[in-house]
Amino acid sequence: QRRQKLIVEFDLFLKCFLQGKQNLQDGHLLDAYSNILDALKHWARIAVIEEGIRPEVLVWAQVRKINPGVYKFYEELTSNNESLEKRVQLVVLACEFSVMSKMESCCAILLDVLQSRIGAWSLQELMEHPQLKELDLDLPLLLNKLVRKSLIREVVEPAEGDDEFLLQLKYTV
């Protein structure tokens, strides 16, 4: 259950972070701020879950004691004297590092499913797997990031069915 919570929070963290980064690049500063603040909240929840504690509604009080570094980024974003753009940029850089360093541990349940058999998995097979089925995950996004970090491989195989020219992306470790 802890591993399920970790991947769900990481998925939410990743989506908020990527949207915030895109909004920053597009010049939508307030939207970027809002997305990055949400990403930080999910990062805080990840830190709390990693300690074996259930995140509370007031997660910042929890994370301040557990992971002062994440709390410091929250303070930097919300109350620093720098311009809003500089504050958002600083936290985007911190989140970028966190995405890379937390990916393997937060996606452990997905990696275990991929390792559970010799052959590659289609996206549909992964979505229907009992350990992942009930989780509200953006699997294409997670799989793409895992491929980019070289934690998994993307392979092209003939699709099942009568059309011998139809190909399908699959994933393996």
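The values are calculated or read from the model by the stated rules, or taken from the named source; none is laboratory data. Fair warning: this is a prediction, and the values are worked out from it, not measured in the lab. Heads up, the Cβs are rebuilt from the backbone with ideal geometry, glycines too, and the neighbour counts pull from every protein chain shown. To get the accessible areas, we keep the full protein, side chains included, count just its heavy atoms, and leave off ligands, DNA and RNA. Shrake-Rupley method; radii C 1.70, N 1.55, O 1.52, S 1.80 Å.
Below, the figures for the structure above:
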quantity: In the stretch 113-143, residue most open to solvent (accessible area, probe 1.4 Å) [restricted to those that are of a type outside the set (A, V, I, L, M) and touching a residue at least 60 places away in the same chain (Cβ under 8 Å)]; calculated: Asp136
quantity: Sole exception among (1) more than 21 Å from Lys149 (Cα to Cα); (2) of a type outside the set (Phe, Trp, Tyr); (3) open to solvent by 40 Å² or more (accessible area, probe 1.4 Å); (4) at pLDDT 95 or above for Lys15, by number; calculated: (1)
quantity: Some residue of the stretch 66-88 being of a type in the set (Lys, Arg), crowded, with 19+ Cβ neighbours inside 10 Å and either in contact with a Pro (Cβ under 9 Å, 6 or more places away or on another chain) or under 20 Å from Ala44 (Cα atoms) (or both); calculated: yes
quantity: Scope the stretch 21-32; condition out of contact with any Lys or Arg (no Cβ under 8 Å at 6 or more places or on another chain) and surrounded by 13 or more Cβ atoms within 10 Å (Cβ to Cβ); matching residues; calculated: Lys21, Gln22, Asn23, Leu24, His28, Leu29, Asp31
quantity: Count - residues of the stretch 37-50 that are more than 13 Å from the chain's Cα centre (by Cα) and within 21 Å of Gln22 (Cα to Cα); calculated: 1
quantity: Index of the failed condition, Gly27 passing every other in (1) at positive phi; (2) part of a helix (DSSP H, G or I); calculated: (2)
